[in-house]
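Please read the structure below before turning to the comments.
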Amino acid sequence: MARKYFGTDGIRGLTNKAPMTAEMAMKVGMAAGAHFVRGDHKHRVVIGKDTRLSGYMLENALVAGFTSVGMDVTLFGPLPTPAIGMLTKSMRADMGVMISASHNPFADNGIKLFGPDGYKLSDADELAIEALIDGDVPLAPAAEIGRARRIEDARGRYIHFAKSTFPDDLRLDGLKVVVDCANGAAYQVAPTTLWELGADVIAIGVSPNGTNINDQVGSTAPQTLCETVVASGAHIGIALDGDADRLIVVDENGRVIDGDQLMALIATSWARSGTLANGGLVATVMSNLGLERHLAAQGIKLIRTAVGDRYVLEAMRGQGYNVGGEQSGHIILSDYATTGDGLVAALQILAELVRSGLPASELLHRFDPLPQLLKNVRFKGGKPLDDAGVKAVIADAEGELAGKGRLVIRPSGTEPVIRVMAEGEDANQVEAVVDRICDAVTAAAA
């Protein structure tokens with residue numbers, strides 16, 4: 001059954017445009033609260049946010065919705081998304097909420113919901129909440145309306161948790177680290193965590209003003225980080241996104257390292273120490289074939305899923321893996337977190353850097369990626385991938401790449417775009433294949 005409001009990662013959109021309005025946020029609070037009011041105990045929801053200006057509006061609207069159905073609300077203020085998952089569970093809350101649009105511009109915002117186990121909601125829970133949003137939610141009697149309070153030490157709790165994932169026998173003394181917090185949710189916790197572990201910290205993207213989140217900083221805009229690492233002579237650079245569930249690393253030469261290389265390092269490290277569950281790594285169809293070959297050479301399996309960290313997590317939980325993620329830098333380490341956690345993943349990378357004594361440029365180059373090209377084809381309507389001519393071109397391309405490359409073609413889940421990705425051993429061949437398919441899709445959509 002198709003979902004009306006929830007996408008692949010909560011409800012998201014342009015602020016003050018449906019569905020991301022104060023009215024909708026209040027309805028979500030009422031509906032989600034009613035769905036999770038179970039039993040006769042006093043119910044509680046915890047709420048965190050990133051640094052977007054609209055966070056104040058949505059936070060207040062959610063509080064009104066939750067309290068109106070009898071839920072108490074605990075407010076954390078700006079905190080990373082993974083912190084909300086962790087604190088939901090540790091505080092025995094009935095559910096958690098993160099107000100964030102992740103790496104999107106400040107004008108967007110979103111609502112991500114967590115269950116009492118600290119994991120993002122299942123499709124079934126989201127569908128049940130959607131039905132309540134469009135229905136009539138029973139309100140609490142006047143004497144049973146919920147209360148709201150703010151917890152001032154939430155940042156400290158998350159910092160303590162993050163530090164607990166770093167090996168007890170290691171310190172970051174002598175390591176100069178540039179950390180880019182995207183003017184987002186981790187602008188206080190990430191630099192403090194690294195400093196407390198002994199690093200010489202240079203922090204950028206730590207001056208949020210409500211409108212500069214992800215603006216030329218963070219994991220999706222690493223140029224400033226690259227320049228700062230080189231200019232300061234730092235050993236490594238770390239970039240988080242607006243809600244700090246994504247990580248990109250920069251080596252001492254200013255070279256950007258993507259999630260595939262980072263996952264390769266963590267997986268091989270954990271395999272060596274005997275902590276890699278089920279002998280494998282979960283990644284999406286977008287991860288480079290070079291990663292798959294690198295892991296196979298070391299006896300590590302690569303399990304591929306559809307694009308989206310929720311699908312990675314589903315495979316991890318369903319098949320017993322504890323490392324997974326995406327090329328974009330969402331890395332899930334389920335021994336520690338219920339969702340992607342950029343800071344915790346960064347600490348694993350820093351631990352390996354300390355242990356190895358190698359420069360980041362050498363440590364983080366685990367394999368040579370195969371040439372990979374992704375192009376988007378926008379169309380006005382219809383289903384161009386069902387066209388017989390498009391199917392024939394795709395079949396020819398698959399035959400051409402068989403045994404020496406891959407082809408991934410998928411419609412976007414959020415806009416009228418067909419994404420065409422190919423990779424192989426010959427960059428010219430890859431480009432030619434992608435262009436042929438794009439031309440066929442364009443012609444079919446005309």
Where the Cα atoms of the chain are projected onto their three principal axes, how long is each span, largest first, in whole Å?
70, 59, 40
Report ³J(HN,Hα) in whole Hz for each residue of the range 240-257, in order, from the Karplus equation J = 6.51 cos²θ - 1.76 cosθ + 1.60 where θ = phi - 60°; Gly and Pro get x.
9, 9, x, 10, 6, 9, 10, 9, 10, 10, 10, 7, 5, 8, x, 8, 7, 10
Straight-line reach check, Lys391, cutoff 15 Å on alpha carbons, 8 or more apart in-chain or any other chain, hits among aspartates and glutamates -> Glu400, Asp435, Asp439
How large is the charge dipole for the chain, taken about the Cα centre, if only the Cβ atoms of Lys, Arg (+1) and Asp, Glu (-1) carry charge, to the nearest 20 debye?
780
In whole percent, the Cα-Cα distances of the range 327-446 spread across 5 Å bins from 0 upward as 2, 10, 16, 14, 13, 11, 11, 10, 8, 4, 1, 0
Place the peptides 252-260, 103-111 in order of packing, highest mean first, counting for every residue the other Cβ atoms within 10 Å and averaging per peptide.
103-111, 252-260
Taking H as built 1.01 Å from N, whose amide H comes closer than 5 Å to the amide H of Lys49, not counting residues under 5 places away?
Gly77, Leu79, Ile99
If you count, for each residue, the other Cβ atoms within 10 Å and average over each peptide, how do 280-288, 268-276 line up from highest to lowest?
280-288, 268-276
Given backbone amide H placed at 1.01 Å from N, residues whose amide H is under 5 Å from that of Gly198, ignoring those fewer than 5 places away on the same chain, are Leu172
Looking only at Ala203, Ala142, Ala128, which one moves most when the chain is put into a Gaussian network model with springs between Cα atoms under 10 Å?
Ala142
Anything over 31 Å Cα to Cα? Flag those among Lys4/Lys383; Lys89/Lys375; Lys383/Lys404; Lys17/Lys383; Lys17/Lys375; Lys49/Lys383, in the order listed.
Lys89/Lys375; Lys49/Lys383
Test item: Cα-centred dipole of the range 221-331, Lys/Arg +1 and Asp/Glu -1 on Cβ, debye:
480
Convex hull (Cα only) mean projected area of the range 163-272, reported in nm² to one decimal:
6.9
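How large is the helix-only mean residue ellipticity at 222 nm for the chain, computed as the sum of -39500 (n - 2.57) over DSSP H runs with n ≥ 4, divided by its residue count, in deg cm²/dmol to the nearest 500?
It lands at -11500 deg cm²/dmol.
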Just name one of Tyr56, Asn253, Thr339: the one whose Cα is farthest towards the positive end of the charge dipole of the chain (beta-carbon charges, Lys/Arg +1, Asp/Glu -1).
Tyr56
With charges set only on the Cβ (+1 for Lys and Arg, -1 for Asp and Glu), what does the dipole of the range 287-371 come to about its Cα centre, in debye to the nearest 20?
200
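Values in this text are rule-based calculations from the coordinates and carry no lab data. Source: prediction; values computed, not measured. Please note: Cβ atoms are built from the backbone with ideal geometry, for glycine as well, and neighbour counts cover all protein chains shown.
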